[in-house]
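Report on one structure; see the data block that follows.
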Amino acid sequence: MADDSTQSFKAVDLVVQLSPALKTKPHVVDFGTVFTDHMLTVEWSVTEGWQAPFIRPLANLSLHPACSSLHYGIQLFEGFKVYRGDDSRLRLFRPMLNMSRMANSAKRACLPAFDQTELLECIRRLVEIDQDWVPRSDSASLYIRPTFISTEPSLGVKRPGRALLYVILCQAGSYFNSEADAISLWADPKYTRAWKGGTGDCKMGGNYGCSLFAQYEAGDYGCQQVLWLYGQDHQITEAGTMNIFLHWINQDGEEELATPPLDGIILPGITRRSILELTRKWGEFKVTECYLTMSQLCSALKQQRVKEMFGSGTACMICPIGHIVYLGENLHIPCRDKHSVKLTSRLTKELTDIQHGRTPSDWTFEV
Ligand code: COI
């Protein structure tokens, strides 16, 4: 098995077959429903290693019905965006962090290793080919979805002998179809998103597919997303598909921005990491990775110590939280600090300005 990146595919071997007919580009609507003209595919087998990467017209895949990604969920994905700046240049945001998270998920899924820089260069070429699809907008972008699946055509539960890495691109407008600017969460300890020793810190499809049942139950309680709790003390872990942040006055009376630590059950979000790095650089309040429980949150709400709460992720970027339904109680989360600009608004602006090249930053990677 190609278990080190020296045996990886190389961008220099890319084969490009352009689509003879380009699609008309509709106005950006829902997230992830309209795909561009081309895709990248790279096949791997234990006997032949990686094949040359191939950019070709977007098409259906042909898979053996025994394929182990379909039966046992041996697969993973990534998600990041390309933004068009006011200067018309296209920029990716910290894409090497996605590459290394993808390599990590691949290792955990027993899928083969690849060279992260070579994959990024292949993606850059794909984006360059479909560049007309990148909208000129602060609220829309082109979403890049690298996907890595086992194509092992047999039913044994085993390390795959065949795999396919592919990348598709789609339009990304706003993620939540909601007019309200803050979302509602339903917190019930009967559901768990991830557990210690599991794969909650990997971007595997199963983590998301398994969340759906609870997500629809949240809808029955009038909420949009699930607030995922963990353990006897109802630790706050994530919200829907997002990392979670609490801006509050902590038990010691200090202003703090807190988010749960990366202890294996939390997805190491790139937006999460960027928020931590930005706010630590501001040096205006304490920034902490620490455990937060529902009882701490409830007391802080009673004592009016909560300033804001929000989710973060690639798809939504930053999403304010307006209320939480927990053990039959409807907890109202303050959404604004009367005396200052909301933290969510300030973070959204700073990140948007970086992504669109208004603030020069080594976090961006030009296509
Ligand atoms: C993200 O926002 O990072 C996501 O992965 C969302 C995706 C599951 C649609």
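The values are calculated or read from the model by the stated rules, or taken from the named source; none is laboratory data. Quick caveat: nothing in here was measured; it's all calculated off a predicted structure. When we count neighbours, we look across all protein chains shown, and the Cβ atoms used for this are built from the backbone with ideal geometry, even at glycine. Quick note on the areas: whole protein, heavy atoms, side chains included, nothing else; ligands and nucleic acids left out. Shrake-Rupley method; radii C 1.70, N 1.55, O 1.52, S 1.80 Å.
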Task: At most 16 other Cβ within 10 Å, DSSP loop - trypsin sites (Lys or Arg not before Pro), segment 125-219 - done: Arg136, Lys158, Lys190, Lys196
Open item on the list: What does the extension gain come out to for Ala66 and Asp30, with contour length at 0.36 nm per residue minus their alpha carbon separation?
Closed with: 9.7 nm
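Longer than 29 Å from Cα to Cα, which of Lys107/Lys196; Lys23/Lys81; Lys286/Lys349; Lys10/Lys158; Lys107/Lys307 are they? Say none if no pair is.
As for pairs spanning more than 29 Å Cα to Cα, those are Lys107/Lys307.
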- [ ] Mind telling me which of Val287, Val134, Val15 comes out most flexible in a GNM of the chain, alpha-carbon contacts under 10 Å?
- [x] Val15
Task: Antiparallel content of DSSP bridges confined to segment 11-173, in %, to 5 - done: 95 percent
Open item on the list: Please compute the length gained on full extension between Glu277 and Gln304, using 0.36 nm multiplied by the number of residues separating them and subtracting their Cα-Cα distance.
Closed with: 7.0 nm
Task: ³J(HN,Hα), Karplus 6.51/-1.76/1.60, whole Hz, each residue of segment 271-276, x for Gly, Pro - done: 5, 3, 4, 5, 5, 4
TODO: For segment 168-173, take each phi angle, set θ = phi - 60°, evaluate the Karplus expression 6.51 cos²θ - 1.76 cosθ + 1.60, and give the result in whole Hz per residue in order, putting x for glycine and proline.
DONE: 10, 10, 9, 5, 10, x
Open item on the list: In whole Hz and in residue order, list the ³J(HN,Hα) couplings for segment 81-87 that follow from phi through the Karplus curve 6.51 cos²θ - 1.76 cosθ + 1.60, θ = phi - 60°; x for Gly and Pro.
Closed with: 10, 10, 10, 9, x, 4, 8
Task: Cleavage-rule hits, trypsin sites (Lys or Arg not before Pro), segment 1-99, DSSP coil, Cβ neighbours within 10 Å at most 15 - done: Lys10, Lys23, Arg89
Task: Spatially proximal aspartates and glutamates relative to Lys203 (Cα-Cα < 19 Å; intrachain offsets below 8 disregarded) - done: Glu78, Asp115, Glu238, Asp263
Open item on the list: For the chain, set up a GNM with springs between Cα atoms under 10 Å and report which of Gly198, Gly85, Gly32 has the largest fluctuation.
Closed with: Gly198
Open item on the list: At 222 nm, what value in deg cm²/dmol follows for the chain if DSSP H runs of at least 4 each add -39500 (n - 2.57) and the sum is divided by all its residues, to the nearest 500?
Closed with: -6500 deg cm²/dmol
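Averaged per residue, what accessible surface does the chain expose to a 1.4 Å probe, in Å²?
Solvent-accessible surface per residue comes out at 45 Å².
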- [ ] Filter the GluC sites (Glu not before Pro) in segment 277-367 to those in DSSP coil with at most 11 other Cβ atoms within 10 Å of their Cβ, and list the result.
- [x] Glu284
Open item on the list: Counting only protein heavy atoms and a 1.4 Å probe, tell me what percentage of the chain's accessible area is made up of carbon and sulfur.
Closed with: 51 percent
Open item on the list: Quick check for me: using +1 on Lys/Arg Cβ and -1 on Asp/Glu Cβ, what's the dipole size of the chain about its Cα centre, in debye to the nearest 20?
Closed with: 120 debye
